[in-house]
Amino acid sequence: MLWLSTMAAPAAFADEPLLGTIEVRGAPESAPAVADESAFATVVPIAEQPGELLTLGDVLDRASGVSVRRYGGLGDFATVSIRGSTPGQVGVFFDGVALTRARSETVNLADLPLDQLGAVEIYRGVSPLALSASALAGAVNLVSRAPDGVPRFSLLAGGGSFGTRKVSVAGSAGRGPTSGFVSATYLGSDGDFSFEDDNGTLQNSSDDRETKRRNNAFDSVEVLAKVRRALASGGAVTGLTELFANRQGVSGIGAYQADDASLRDLRSLNYIRWERPGFAGLPLDLASTGSFVFERERFRDRKGEIGLGNVATDNRTYTGALDNLIASRIGRHALEGRVDVGGQVFTPEDTLADDAAGPDQRRIRFGLAAGDTAGYFGDRLLVQPSLRWEHLRDDFSGTSTTAGQITRAQRGRTRDLLTPRLGLRLDAAAGVALKANVARAARAPNFTELFGNRGSILGNPNLDPEHGLNADLGFVLARDRLGPARRLRLEGAGFVAVIDDMIVLVQNSQRTSVFRNVDRARTVGCEITAGAELFEHLRTSLDYTYQDARDESGIPARDGNQLPGRPRHELFHRSEYRRDEGRLFYELSFIADNFLDQANFLLVRARAIHTLGVEVDVAALGRTLGAGALARVPFVATFEVRNFTDNRVEDVAGYPLPGRAFFATARWAWEGRAAPHG
Amino acid sequence: MGRRRCAGLVALAGALAACSSGGVEDRTPGGTPPPLAGTSAFVVTSDFQTGSFAVFPVLQPEAVTKNVARLHSDAVAREHDGIVYVVNRLGGDNIQAIDPAAGWATRWQCSVDNGSNPHDIAFAAPDKAYVTRYERAALLIVDPTTDSDCTGFVRGTIDLAALADADGLPEMDQAVVIGDRLYVTLQRLDRRNFFRPSGRSAIAVIDVATDTLVGAIDLTGANPFTESAGLAPDPVTGKLLVNEVGELGRLDDGGIEWVDPATLRAEGFFVTEQDLGGNVTDVVRIDDHHAYAILLDVEARSRVVRFDPTARRVAATLAAGDEFLVDVALGPDGATLYLTDRTLKRPGIRRFAVADDAELAPSPIDTGLAPFDVVFVAGP
């Protein structure tokens, strides 16, 4: 899809990839362009088998306009928010295939390993037409590594604090028009970091103690295989299969740690994509993607340690889709269109209940979209209107078991989501672009909100979608060279996001809660992103976000409060001193005062998390030192100290985050020569 | 040059390290409550993320002090001998003693075992009380005269597992001491099956002198339930008024009955859910012909009604809504009914005159976070 989008973009900007991308950290020299000309977007290239122990949450948290809330350390549940949104308002995609589920849009970032990715695309305030579904607040697209036909093999192994261990192996090869890439990563940790436990007695410090996180270990494996075959017609067929399996303990809140609760996840993502430029001899580029995603989640809390009651669920989600993107250039217009159809089935099961199988829940989705990128004044001004229409039909196979809240007539409902957008981009001067966007988007209620669960949550089939209005205005400045600086880039944007009819869970009786459209939130802010290479060896970047995210629900105890988990100031800085022999890097993550609750009673004071690391290319070092023995050691070793000031903090009340941690990895790589193209 | 740049980075890191802090801080805005004069209402408030409390003199309800200090987000309160005992339930798992005479300061806050989900506290002596724990089979014996470091707080336990249903836990809920006996309601719900009743519920009877289980009273129905109120004997008959909801959302399996602690006998429903048209989730009895109840219908809508227990019919509806009406309590004057109304955009304490059901101004009384429970505490 990126390929198509790039093909369809006006040619004037094709040679200025910096205007559409930013390199946040060391990795490939060239980053892919974003799939949208006017959107404020960040593309984060992911180094092949990064030696640093990074997660997707870490990568997202560094980008301006993005906040990640973590429920613990490595492997623990983590969610993403864009411009003050809720996690469910952010669309998450893998190579354009939607990962958000109708059961719950919130995607656990911990289930999305980083190593197999070539880049992470972050779209703030918009979901471009290159993606198959709309999203209320923005979108994250995980782009898998592209096979290039060069034979390679690499092995990485590492470990560190809290029993963390990682092994990753990757290989790629090509023959004639076919190239492939296979990788597998194991990541695990005991997760037994220390934290301050207040024993649940806030007014009594005499029983506070330092203790270790228990039942917090995890073991995860991800395997990905991708094959691409170039077609004689100029197009290509790409197939990908990804398998992710995770087994972990669920430790619960710090004051009362569960010893028995556990979670197992399995995801199988598969797609085949056919790309055909110049279809039927016409100026028409097609890309069709057929995908199937299976997810299984088994949660066990047989002793009722996490919540009230004993639970053993086995939930499965089946998702299939056929997404089609059409692009054409006619005169000054780069046109895009979409025709998408898909379906999803969610089958819950509570194995402890007398009647174990819950009612199936189904969603059928049909989407049409059209957009234009029209160039004026020699493509100096791009006008980008688009409209997306999505039709959803949700079905519930049963009636509810509690209080009879779902009637037979309410079991099947349809909803239509309309997402209009207008984007502008003005090439004001060489390397300077002004951008503006205004978009209205919606989030349809999910299955939990519509149909409830079999316990205490009542469904509300009459819910309206959440609606949001996003607008932004800003600039991008890029210079290949300015004094001692190279690849200089500065981006600034102001934004406003208003979300209405937000769906919240309201306790409406002694044992039941119901979802209602009652909430409203407004976020105003600005984002600044800057990056440059200085004096040849120093790379530096800065991402800063100011946001004033306010509750405008009209609920007396909350109205006007700062939204929890949305600090006013967030800053990420990275500096890297790089030579052939390796690199030294420093990172600072600063988060201003922040509340953990809607009432704004629980304040987390401003915090700064520091990371320091070093990477050594042993062979290069050996060559520099003239040490022949070292020069024959084809290893790259990385060592890092994360949170070296041992700052103990929480993102979510009751869920401690780890303090100081050490990690080290070693990577061995072999690269051959590409076979001649047959 | 390279070394200087590295040194600069380290210096910058050091400077930022010095200003970094972290840690969670209580920012409950609070305020200085008025000195206790006469009787005050103590209102537990919560949005189910965080909890607090508000206080106001019952004779001057507009003088409310909101968000006085932090409580757990799921809490109920009991008053005993001029002290408010807050039962911080699941996730808090402790008892918090608040002294009105000391400016509503916390005297002590002691854990009753994390994850145990305490539900009630009943007092047998100044140095002896019982804490029911919903997630445990053993009742806890505690010493309320403990100090701020909770020394000697836990005195022992009484095992009620013999009265549990098949899941091993009896779901002990409300408790009261009458004479030398402790009475504890046991809901006996099937926690493996969405907390549906697993049969008839019971009241455990415990000798407070020996701390031994001496018997059990089988109730007529299942699931004796009030969200926040505790058990209390009728001042005239000494009998316990027990409302049993059975399965929530079903209206043919519950009602209100008297339980005679002297004869250890449940007397059968004198009014049923069907008579009133809803699950009875709280009840206040004025006399044989005048009572109030919170009813929850099959559509999960709540209303507060006046009903005639003898004629078994609803006489009037005082308040209704599709949001959470938690607790009704009779004020210390015996003439005012207090309602904790959690209506999302207009929550507060509402008061009604028992004489004519008229709602009293100001209404609702804003308590900051929405009210959950109200108790009354007399001045020193």
| field | Set of lysines with alpha-carbon distance to residue A:226 below 25 Å, sequence-local pairs under 8 removed | value | A:166
| By a straight-distance test (C-alpha under 15 Å), which aspartates and glutamates pair with residue B:345 as possible cross-link partners, with residues fewer than eight away in the same chain excluded? | A:501, A:519, A:551, A:552, A:559, B:47, B:322, B:323, B:366
| task | With a/c under 1.5 counting as rounded, go ahead and sort the stretch B:66-153 into rounded, prolate or oblate using the C-alpha gyration tensor (a ≥ b ≥ c being the square roots of the eigenvalues; past the cut-off, prolate if a/b is larger than b/c, else oblate). | result | oblate
| task | With an 8 Å cut-off on Cα pairs and a minimum separation of 6 or more residues, tell me the relative contact order of the stretch B:293-380 in percent. | result | 19
| message | Ignoring trypsin sites (Lys or Arg not before Pro) that are buried or in helix or strand per DSSP, and keeping those with at most 13 other beta carbon atoms within 10 Å, what is the longest stretch of chain A between them? | response | A:1-631
| Under 11 Å from the 7 Å Cα→Cβ point of residue A:377, by amide nitrogen: which residues of the stretch A:422-447? | A:425-429, A:434
| Cβ-Cβ FRET estimate between residue B:286 and residue A:360, R0 fixed at 60 Å, reported to 0.05 | 0.75
| note | Taking a crude spin-label model, label points 7 Å out from Cα along the C-beta direction, the residue A:330 to residue A:430 distance in nm is 3.6
| GluC sites (Glu not before Pro), restricted to the stretch A:529-562: which are DSSP loop and have at most 15 other Cβ atoms within 10 Å? | A:536
| task | May I ask you to list the chymotrypsin sites (Phe, Trp or Tyr not before Pro) in the stretch A:295-380 that are in a DSSP loop and have at most 16 other Cβ atoms within 10 Å of their Cβ? | result | A:377
| remark: For the stretch B:313-358 the trypsin sites (Lys or Arg not before Pro) that pass both the DSSP coil test and the at-most-16 other-Cβ-within-10 Å test are B:345
| query | Where is the GNM fluctuation largest for chain B (alpha-carbon springs, 10 angstrom cutoff): B:298, B:205, B:64? | reply | B:298
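Applying 1/(1 + (r/R0)^6) with R0 = 56 Å to the Cβ-Cβ distance of residue A:579 and residue A:524, what FRET efficiency is obtained, to the nearest 0.05?
E between residue A:579 and residue A:524, to the nearest 0.05, is 0.85.
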| note | Among A:507, A:258, A:494, the residue whose Cα sits farthest towards the positive end of the charge dipole of the protein assembly as shown (+1 at Cβ of Lys and Arg, -1 at Cβ of Asp and Glu, taken about the Cα centre) is A:494
| note | So, over other residues within a Cβ distance under 13 Å of residue B:184, counting Lys, Arg +1 and Asp, Glu -1, the net charge is -2
| request: Using the Karplus curve 6.51 cos²θ - 1.76 cosθ + 1.60 with θ = phi - 60°, work out ³J(HN,Hα) for each residue of the stretch A:126-136 in order, rounded to whole Hz, and write x for Gly and Pro. | output: 9, 10, x, 5, 5, 9, 7, 8, 7, 9, 5
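Could you please report the charge total around residue B:214, scoring K, R as +1 and D, E as -1 over all other residues with beta-carbon less than 13 angstrom from its beta-carbon?
-2
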| request: Would you give the gap between the C-alpha center of the stretch A:76-127 and the C-alpha center of the stretch B:38-67, rounded to a whole Å? | output: 42
| Using alpha carbon centroids, what distance separates the stretch A:628-678 and the stretch B:110-166, in Å? | 50
| query | What Rg and what Dmax come out for the stretch A:490-634 when only alpha-carbon atoms are used, in angstroms? | reply | 23.6, 77
| field | Relative contact order computed over the stretch B:49-181 (Cα-Cα under 8 Å; 6+ residues apart), in percent | value | 15
| FRET efficiency estimate (nearest 0.05) - Cβ-Cβ, residue A:349 to residue A:150, R0 45 angstrom | 0.45
| What is the local net charge at residue A:416, summed over the other residues whose Cβ is closer than 12 Å to its Cβ (Lys, Arg +1; Asp, Glu -1)? | +3
| field | Long-range amide H partners of residue A:335 with built H, under 5 Å | value | A:328, A:329, A:330, A:373
| query | Which of the aspartates and glutamates could be linked to residue B:128 by a straight reach, that is with a Cα gap under 12 Å, when you skip same-chain ones fewer than 8 residues away? | reply | B:143, B:211
| Once both axes come from the Cα atoms, what is the angle between helix B:2-19 and the longest principal axis of chain B, in degrees from 0 to 90, rounded to 10? | 40
| message | What does the C-alpha gyration tensor say about the overall shape of chain A? Classify as rounded when a/c is under 1.5, otherwise prolate if a/b is larger than b/c, or oblate. | response | rounded
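Read the figures in this text as sums done on the coordinates, not as results from a lab. In this text the structure is predicted, and so the values were computed from the model without any measurement. Ideal geometry is used to build each Cβ from the backbone, glycine not excepted, and the neighbour counts take in all protein chains shown.
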